[in-house]
Amino acid sequence: MMIAARCTRLGIPIVKNLTRVSSTSMFKSTDLNQHYIHSSVTCFPKCELTSKRYQIERGQFSTISEEDVNFFTNLLGHHRVINDETELEGYNIDWLGMVRGASSVLLKPKTTEEVSTILAYCNKRKLAVCPQGGNTGLVGGSVPVFDEIIISTALMNKVENVDTWLGVVTCQSGCVLEALDEHVSEYGLMIPLDLGAKGSCHIGGNVSTNAGGLRLLRYGSLHGSVLGVEAVLASGEIVDCLSAMKKDNTGYDLKQLFIGSEGTLGLVTKIAINCPPRPQSVNLAFLGLETFDDVLKTYKDAKKKLGEILSSCEFIDQSSIECVEKNLKLKAPIGAHPFYMLIETSGSNGIHDEEKLNVFLEEALGAGLVTDGTVATEPSRMHHIWSIRERIAEALINDGCTYKLVFIYDISLPLPHFYKMVEDMREHLGSNILRCCGYGHIGDGNLHLNITSKEFEKDLLNLIEPTIFEWTAKVNGSISAEHGVGFKKRNYIHYSKSSGAIALMKQLKALMDPNGILNPYKVLPDN
Amino acid sequence: MSLRVLVGCKRVIDYAVKIRVRPDKMGVVTDGVKHSMNPFDEIAIEEAVRLKEKKIAKEVIAVSCGPTQAQETIRTALAMGADRGIHVEIPAKEMEKLEPLHVSKILAKLAEKEGAELLIVGKQAIDDDSNATAQMTAALLEWPQATFASKIEKTDGTLLVVREVDGGLETIKVKLPAVVSADLRLNEPRYATLPNIMKAKKKKIVKMKPADLGVDTTAHFEVVEVCDPPSREAGIKVEDVDALVSKLKEAGRI
C-alpha cells in the first residue's frame, strides 16, 4: 500500500523527502537528492516588539509576580505553565511575523473549570490575558501586545458528541479545524467552514473571529451555523449557551456576542456547530479570463446556471499566481492569464452536477468569457488546485527575501469596484513596494488585497493606510470583511461603523469586562 | 522516423483517498470511491504526447484494461493529447483477479496488432505496487526494456534513456522497438484543458475483450487475506540506560 503523506500549511514545518524509496509517495519534485525543511517561522529575523514599533501605552494592569506563577503551577502542574523565553517565542509572534509581544507566561488549561479559575484569579489581580488558539490570525489579535498572560486552547481538543440525526458536533474550542472535519467525515458530515489555515487553526479561534473562508457562499456565516457556545467571562463566570438545537428563541441570543468579538468579551471554551452532510460529488474548475469584467459576468452566470450546487467562487489575479509559482514552486494548471477563477460545485449526484458544470463551461468558453481552464474531480487534483489558492498568503510572506513583510487587507466591496481598488492602490504606491495583488472570495464580495515590500517602513504604512480605508468608506464597504480587527485595525473601525455603534460596543465591553483584562488593545479603538 | 506509441494507463483509487479494508478482508472498498489515472501512467501519457509534439512520435494510442469506468481514464489520456483509445473490457468483479501477466500479454498482443514501435507504461500501479508489467511485456515481445526512466532522448533508431537506480542514475541505449516504464521525475504531466477535454469527446475509443486478443485471464494467484497494517503502539520511556538494556533483553532484542 502506498504512503499517503500530508503537508500541513502555515507555520508548521513542511518536510519533503526526495529519496528514491519514497518515489511512490506522490510529491512531484524537481530536485533529486535534496532534503530540505522549510519552516515559515524560523527563516526570518524577529520583528521589533509591538510595543516599540507602534505608539501604544501599556494599560493599568498588574505585572506578573512569582506568587502568580505559583498559583498557576499549583492549578495546572508545571508541564502546563510555560515560562521559558525561547519556548514562548513562537507564541509571542503572529504568523505574519509582524507583531511581537513580550509575554512571560503561557497557560494550557484542559477544562472549562480551569479556564474559569484562571480568569477569576486574573480578574482579581488585574492581570491582562491574551486568549490564543492556533495563532493563525492576520490582524495581530492572537498575540500579546505587552506582557499579557497567554491562555492557549491547545489542550482543549476533545470532541464531546456528534449527533448524527441533527448533524451537530459539540466539542471543546481547541480542536484543530482540519482534525475536526476529518472526525465528522466518519459520520458523513462536514464542518461548514474551510480556510487555508485549517491545519493549524482552532475552532474556538474561528468562532471568536467569525471566520468566513472558502465556502461561506454555500454554507453561510458562523453566526448561522454555530448553534451553541460555552464561554468564560472575565470574572470567571461560565456562560452556558451550548444548546445544540437548531431553533431556540428563548431570550436574548447571547452566543452571538462571543462570535466575532475576538476574545474581548469572553473566552470561548465549547462550541456546538451545525454540520451539513458531506457532498457525494465535488467538482473544481480552474479558469483563465482576460478581463475583470469577464470575471464578474462568469460569476453571475455561475450563480444562475450552477444554482444550488455552487459551493465556492474565488478569483485570483495574475500577480498572485506569479507569486505562488515563483516562491512556492507550485505550477498553475493553465498558462498565464490576467485573471483566474476557481469554481467549485458540491452535490449529491455526480452525473447531474457534471452535466450542469459542463454546460456552464461550454457556454462560457463559447461566449469568450473564459479563454482557458481545466476541471478536476479527483481528490488529488482538486487538492493541488486548491493549494494554489490557499497558499497565496504563504507565498507572499516569502516575497521579501530577508524580511517577512506583507500588508494584508481584507475588504468587503461592491463587486463593480472590486479590482479598481487594486489598480488604484498599485498606482498610488508606485515603486515603494514589491507587489500589490488581489484575490479573494468574489462570491461574497470579499477582496484580499496584499502588498509586499522589502523593509518595514512606518512611511509605507502611512502611505497605505488610511488611503485604503478611505477608499473603502467611500463605497460603503467594510475595512475588514472576515479577518477581524485585532490589534492592527482597531483604530479604523469608524470607517465602517457609526460612532453610536462603537459607543454601544464600548458599553458592552465595560459591562462584561470592567477591568478590561480580556485581550486588551484589540478590537475597540484606543481613546 | 516517426514512431507509433502505445501507452498503458490504469484506473486506480485516487491517491488522496483514505483506503479502507473491506469487512470480508478480501480486498479494499472500491464502491463509491474516487478513482483516477495511476500517477505514473499520467507521466507515461505526458511523455508520449511530448514525443508527438517534438515530432518524434506520429501517433499516441492510450490503452486501459478495466470495467466501463476505464473509459473515463482513456478520455483523460485523450484530453491530454493521445489520438485514440483502446478499452479492453474486464468486468468489475474480475478486476481484482487481473494480474500483471494478463495485462502484459494484452499489451504485447496490442503492440503487435497496432504496429507500435514504442510502449510506455508507468513503472508501477499505486494500488498493487507490482512493478512487473513493463518488464514482462518486454520479455513477451522480446523487445529491449528501459525501466524507471527519468529522461528519454531519441538518437537514430535508438533511445538514450536515463534510469533512476539505487546507486544513482544510469544511462542506457536501447534499440527500437522498446518498452519504457516511466518514473516520477520523467516529467510533470499537464492538466487537460477545457478545449482539449471537449475535443477528446470526439476521439475514438475501440472496445474489445481479452478473448479477442487470444489472452486467457484465468487467475494464477488467490488472495488469502487483506488486512490493515498493525496499529502503531505507544512507546515507553525508561528512566536510565540499565532499564533500557533490561527491557531490550526482555523483548529478546539483545
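No lab work stands behind these numbers, since they all come straight from the coordinates. All figures in this text were calculated on a predicted structure; none of them were measured in a lab. We place every Cβ from the backbone using ideal geometry, glycine too, and count neighbours over all the protein chains shown.
Here segment B:117-219 is treated as a Stokes sphere of Kirkwood radius computed over C-alpha pairs; at 25 °C and 0.890 mPa s its diffusion coefficient rounds to 154 µm²/s.
Annotation: Cα Rg of segment A:334-473 relative to the compact-globule expectation 2.2 N^0.38 Å equals 1.25. Taken about its Cα centre, the protein assembly as shown carries a charge dipole of about 1220 debye when Lys and Arg each add +1 at the Cβ and Asp and Glu each add -1 at the Cβ. Applying the criteria of a DSSP loop state and at most 13 other Cβ atoms within 10 Å to the GluC sites (Glu not before Pro) of segment A:46-131 yields A:Glu48, A:Glu57.
Positive end of the dipole of chain A (Cβ unit charges, origin at the Cα centre): among A:Ser65, A:Gly366, A:Asn515, the Cα lying farthest that way belongs to A:Ser65. Computed from the alpha carbon positions, the gyration tensor of segment B:93-163 leads to an equivalent ellipsoid with semi-axes of 23, 16, 9 Å, biggest first. Using R0 = 35 Å, the C-beta based FRET efficiency linking B:Asp240 and A:Val159 works out to 0.35.
Of all lysines in the structure, those lying under 28 Å Cα to Cα from A:Lys124, and not within fewer than 8 positions of it along the same chain, are A:Lys108, A:Lys110, A:Lys255, A:Lys270, A:Lys506, A:Lys509, A:Lys522.
Were the residues from A:Glu354 through A:Lys246 laid out at 0.36 nm apart, the gain over their Cα-Cα distance would be 35.7 nm. Multiplying the residue separation of B:Thr155 and B:Val29 by 0.36 nm and subtracting their alpha-carbon distance yields 40.8 nm.
Taking each DSSP H run with n ≥ 4 as -39500 (n - 2.57) and averaging over every residue of chain B yields -8000 deg cm²/dmol at 222 nm.
Take the alpha carbon atoms of segment B:173-233, find their radius of gyration, then divide it by 2.2 N^0.38 Å using N residues; give the quotient.
Working: Rg = 20.6 Å, N = 61, 2.2 N^0.38 = 10.5 Å.
In units of the 2.2 N^0.38 Å rule of thumb, it is 1.96.
Each of A:Ile273, B:Ile254, B:Ile45 was scored by other Cβ atoms within 10 Å of its Cβ. Arranged with the fewest first, they read B:Ile254, A:Ile273, B:Ile45.
Taking GluC sites (Glu not before Pro) across segment B:96-162, the ones in a DSSP loop with at most 11 further Cβ atoms lying within 10 angstrom of their Cβ are B:Glu142. Which of the lysines could be linked to A:Lys305 by a straight reach, that is with a Cα gap under 24 Å, when you skip same-chain ones fewer than 8 residues away? Output for A:Lys305: A:Lys297, A:Lys356, B:Lys199, B:Lys201.
A Förster radius of 30 Å, combined with the Cβ-Cβ distance separating B:Ala211 from A:Ser380, puts the computed FRET efficiency at roughly 0.30. Partner lysines whose Cα lies under 16 Å from the Cα of B:Lys207, excluding those fewer than 8 positions away in the same chain, are identified as B:Lys10, B:Lys109, B:Lys113. Against the compact-protein benchmark of 2.2 N^0.38 Å, the Cα-based radius of gyration of segment A:178-319 scales to 1.23.
Counting every other Cβ atom within 10 Å of each residue's Cβ, A:Val69, B:Val238, A:Val176 order from fewest to most as B:Val238, A:Val69, A:Val176. Here the calculated FRET efficiency for A:Asp459 and A:Thr73, from their Cβ-Cβ distance with R0 = 45 Å, stands at 0.50, rounded to the nearest 0.05.
Enclosing the Cα atoms of chain A in their convex hull gives a volume equal to 160 cubic angstrom per residue. For chain B, the equivalent ellipsoid built from the Cα gyration tensor has semi-axes of 37, 24, 18 Å, listed from largest to smallest. Computed extension gain for A:Asn491 through A:Arg58, at 0.36 nm per residue and net of the alpha carbon distance, reaches 154.3 nm. Dipole magnitude for segment B:157-246: about 1560 debye, using +1 per Lys or Arg Cβ and -1 per Asp or Glu Cβ, origin at the Cα centre.
Each of A:Val475, A:Met505, A:Gly443 was placed along the dipole of segment A:439-527 (beta-carbon charges, centred on the mean Cα), and the one lying farthest toward the positive end is A:Met505. Among beta bridges from DSSP that stay inside chain A, the antiparallel ones total about 90%. In terms of surrounding Cβ atoms within a 10 Å radius of their Cβ, B:Glu72, A:Glu378, B:Glu233 rank from fewest to most as B:Glu233, B:Glu72, A:Glu378. What is the distance in Å between the Cα centroid of segment A:143-162 and that of segment A:501-527? Taking the Cα centre of segment A:501-527 as reference, the centre of segment A:143-162 is 21 Å away.
Calculate the all-directions average of the projected area of segment B:1-125's alpha-carbon convex hull, and give it in nm².
Working: hull surface 30.9 nm².
With every direction weighted equally, the projected area is 7.7 nm².
For segment B:3-250, a simple Cβ point-charge model (Lys and Arg +1, Asp and Glu -1, everything else neutral) yields a dipole of about 1400 debye relative to the Cα centre.
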